[in-house]
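Notes follow once the structure below has been shown.
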Amino acid sequence: MKNLPYIIFFPDWLLRKSPFEAMRNMHVSAAEFKSHMQELIDDNQETFDSTNEDSGKNDLLSNIVKASAAEKRNTLSDEEMIGNIFIFIVAGHETSANTLQTCLILMAVYPDVQKAVQEEIDSIWASKRPGEELTYKDDYPKMRLISALVVRSLMPIVQSWNLLLT
């Protein structure tokens, strides 16, 4: 993350041919990220079956690939899909880390909430067959306590903004 401004603002050729090893390493890191994302996009495009909307995984990358394939006129290029995924990763990193930290603190302070969340998770997994994964469509609506915990963990942010605005 600390090298992100260099990767964004310096052209690829400058990072690649730089006399500084750190800048060349930044180029290698960016190239590896693009390569990995391209592999994931290719895998998703192979598993995507245009006749079955529910085929493949139901994650962010899969949904971007499906949406791009569904829009015949306005498809995203692979480079645009990689750019969107990169933005989601960068934008979601800090907010997700802070939310998880606050959720863990709340569960540590309130053991009864921790126990209730554990029971909710256990009940959701109990309905699954061995080897079956959780799905956003079917399982997320069942996570009422977890959702409430996440919303509650965001409350200090909202409360601090309210204090600043009043």
Checklist entry - Can you pull out the residues in the stretch 127-147 that are open to solvent by 80 Å² or more (accessible area, probe 1.4 Å), hydroxyl-bearing (S, T, Y) and out of contact with any helix residue (DSSP H, G or I) (no Cβ under 9 Å at 6 or more places or on another chain)? => result Y136
Next on the checklist: Condition first: modelled with pLDDT under 85 and surrounded by 10 or more Cβ atoms within 10 Å (Cβ to Cβ). Can you find one or more residues in the stretch 20-37 that meet it?
Outcome noted: no
Item to check | the stretch 38-75, residues that are modelled with pLDDT of 75 or more and part of a loop (DSSP other than H, G, I, E, B) | outcome: D59, T75
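To keep it simple, each residue is scored yes or no on (1) buried (at least 16 other Cβ atoms within 10 Å of the Cβ); (2) more than 30 Å from N3 (Cβ to Cβ); (3) over 23 Å from the mean Cα position of the chain (by Cα).
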| residue | (1), (2), (3) |
| --- | --- |
| T75 | no, yes, no |
| M81 | yes, no, no |
| E94 | no, no, no |
| N98 | no, no, no |
| Q101 | no, no, no |
| L106 | yes, yes, no |
| Y110 | no, yes, yes |
| K115 | no, yes, yes |
| W125 | no, yes, no |
Checklist entry - Looking at V113, is it in a helix (DSSP H, G or I), of a type in the set (A, V, I, L, M, F, W, C), modelled with pLDDT of 85 or more and out of contact with any Asp or Glu (no Cβ under 7 Å at 6 or more places or on another chain)? => result yes
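The values are calculated or read from the model by the stated rules, or taken from the named source; none is laboratory data. Since the structure is predicted, the reported quantities are computational estimates derived from the model, not experimental observations. Neighbour counts run over all protein chains shown; Cβ positions are idealised from the backbone, glycine included. The accessibility values were calculated without ligands, DNA or RNA, using every heavy atom of the protein model including side chains. Shrake-Rupley method; radii C 1.70, N 1.55, O 1.52, S 1.80 Å.
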